[in-house]
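The values are calculated or read from the model by the stated rules, or taken from the named source; none is laboratory data. The model shown is predicted, which means the values in this text are computed figures rather than measured ones. Cβ atoms come from the backbone with ideal geometry, glycine included; neighbour counts cover every protein chain shown.
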Amino acid sequence: MYQRSPRRKAVPQHLSPSKSRNDWPKPPSSLKLTVRERELWYDGDTKTFRTVEEYSGAHVEAASTSAADILQLATTMEEVMVVLDESGIRVSPDMYKIRLPPYFCCILRDYLEASGLNVLFHHCISNNPRSFLSDATFTRARWHVKRKPFVGSESDMFWVSPSDYKLHQEVLKHLGSAGFDVVLRAISNIDHNSARDWSIFQFSFIVVSTCRSTSFHIDFHDSLAGVAWHVMIPLRLVPDSPPELVVRPEGPDGRLSHVKYEMGLAHIWGSLTDHSTAICSYVSGYRVCLSVSVGSISVSNVKRFLSDISQQYPPRNPSLLLDWAKTPHFSRRGKCSLPRFSHEAVLGLEWVTQYNIFLTLQRSSTDLELYPASVRKWITHQRYCFSTKHNGSTPDGHDFNSSHVRSARRTLTFFREFMLREINFVFSVDRDNGLNQCHWQKRYNELKEFVKKNGHCKLTYKVNPKLYGWLRTQKYNLSSVRALSASKKHRLHLMQQLGYNF
């Protein structure tokens, strides 16, 4: 970190970034399913699941949207926005913000949970240890944990960063899968007069719950103005908290500007932004942000980049950074080369397969009885996991930290939940509605036919065992001494119309 230096010329104004599309993963290469009169199969030409139905002797064909299409529709490119204060004045000549893809934070938050980083964050805030190298007690890998060095006891801020190349690449792949190329493209368009190659050379997770004083600084040396950028991405914020960042303007008479982080927005600033973590003291909880350093590394400036590296990895080795610069993550020609996992790998191939089948069936029919048993079971499980994940306990009263709840959070990840929300998936259904209502209506129609034929409801077990058992269940569920819901009252009324005596 560097002390405040005199201002130079502001970084040129930005231009709107050009539109771009990612290379989305392909759905399964072959899949065929028969549901009653419906036949589903994967069409390699259109990359969708398709249905064919017999209707009035003619084949009617309907295309379905796949999971990859949903992700492509959700990817939006917006203009780079200048950060303004409450008076509408620009807080810094080189500070911007950009909206991330809607699933970006979902993928990163799932990574925090799966890698054990959330456990490590909680340990840091709860115990306030000195800097250390994490072990398997807290995470599946070893992370370098560093206490904020220039504030001392005034803050409990920790920097958690990869300790080796393997972890560095792992985080990088998750950034690529989440769509970080949107940020790289935005940076390349901030200064449109000079085309540069951009490389991600450093990142860390910043965790803090208390900060009692400000410490203004710049992140890069003066000579790196316009060629080095800092990206701050919030992954966990404390609700109703004050602004998290304070920026000091140019001149002694300038008024400090406070910047509020927002989920789904990335803040970008360079070496002209004199800033500090805002004073905070969260009663409960802590915030987590991902800090990413991006630069245009060359032989002439590599030593300056090395002096800005404060984490354990990458080491202060000029040959390593120059080697990375030979294959930049974003080239001046507009090509993004970020490593990434396929979205099928992140979501799980089996889950994506069921998702695509459900999406196809949903477009052709909303009657759950026409769905195969495997899809109905999948739907029920998603709803169960949603209820367990958000209510903090299972319907049978299990504790929030029980294995049942942890399993539900692993099954219905933030990314999977996002995918289901995109298609308006119904997570909660009244117990007396949905598929249960279909079964009830089917038995009710059978009873109605029996009454029409025999003129009474006195059904015996020998005549129809299933309908007889259903009637006994209705007598118990619709008893007048029990508290009935609106749907049960309606069922009671229908049964009484048939002459059934409760």
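Has segment 288-296 got at least one residue that is modelled with pLDDT under 95 and β-branched (Val, Ile, Thr)? No: zero hits.
One line per residue, one yes/no per condition, for (1) β-branched (Val, Ile, Thr); (2) out of contact with any helix residue (DSSP H, G or I) (no Cβ under 6 Å at 6 or more places or on another chain); (3) assigned by TED's automatic domain parsing to the domain that holds VAL83; (4) exposed (fewer than 15 other Cβ atoms within 10 Å of the Cβ):
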| position | (1), (2), (3), (4) |
| --- | --- |
| PHE104 | no, no, yes, no |
| ILE107 | yes, no, yes, no |
| LEU117 | no, yes, yes, no |
| HIS123 | no, yes, yes, no |
| SER134 | no, no, yes, no |
| THR137 | yes, yes, yes, yes |
| PHE158 | no, no, yes, no |
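From the list VAL352, VAL299, exactly one residue is β-branched (Val, Ile, Thr) and surrounded by 14 or more Cβ atoms within 10 Å (Cβ to Cβ). Which is it? Unique residue meeting the criteria: VAL352.
There is at least one residue in segment 199-210 that is of a type outside the set (S, T, N, Q), buried (at least 21 other Cβ atoms within 10 Å of the Cβ), in contact with a helix residue (DSSP H, G or I) (Cβ under 7 Å, 6 or more places away or on another chain) and over 18 Å from LYS148 (Cβ atoms).
Answer yes or no as to whether SER257 is crowded, with 21+ Cβ neighbours inside 10 Å, over 25 Å from ILE200 (Cβ atoms) and among the hydroxyl-bearing types (Ser, Thr, Tyr). In short, yes.
Suppose the filter is surrounded by fewer than 15 Cβ atoms within 10 Å (Cβ to Cβ), among the aromatic types (Phe, Trp, Tyr), part of a helix (DSSP H, G or I) and without any contact (Cβ under 8 Å) to a residue 60 or more places away in the chain; does TYR476 pass it? Considered against the rule, which asks whether it is surrounded by fewer than 15 Cβ atoms within 10 Å (Cβ to Cβ), among the aromatic types (Phe, Trp, Tyr), part of a helix (DSSP H, G or I) and without any contact (Cβ under 8 Å) to a residue 60 or more places away in the chain, TYR476 comes out as yes. Identification of strands (runs of 3 or more DSSP E) wholly contained in segment 220-326 with 3 or more residues that are within 23 Å of SER131 (Cα to Cα) and under 32 Å from the mean Cα position of the chain (by Cα) yields 228-236, 287-295. Across segment 490-501, the number of residues qualifying as without any contact (Cβ under 8 Å) to a residue 24 or more places away in the chain and loosely packed, with under 11 Cβ neighbours inside 10 Å comes to 2. For segment 458-466, indicate whether the set of residues that are at pLDDT 85 or above and either part of a helix (DSSP H, G or I) or crowded, with 17+ Cβ neighbours inside 10 Å (or both) is non-empty. Scanning segment 458-466 turns up at least one residue that is at pLDDT 85 or above and either part of a helix (DSSP H, G or I) or crowded, with 17+ Cβ neighbours inside 10 Å (or both).
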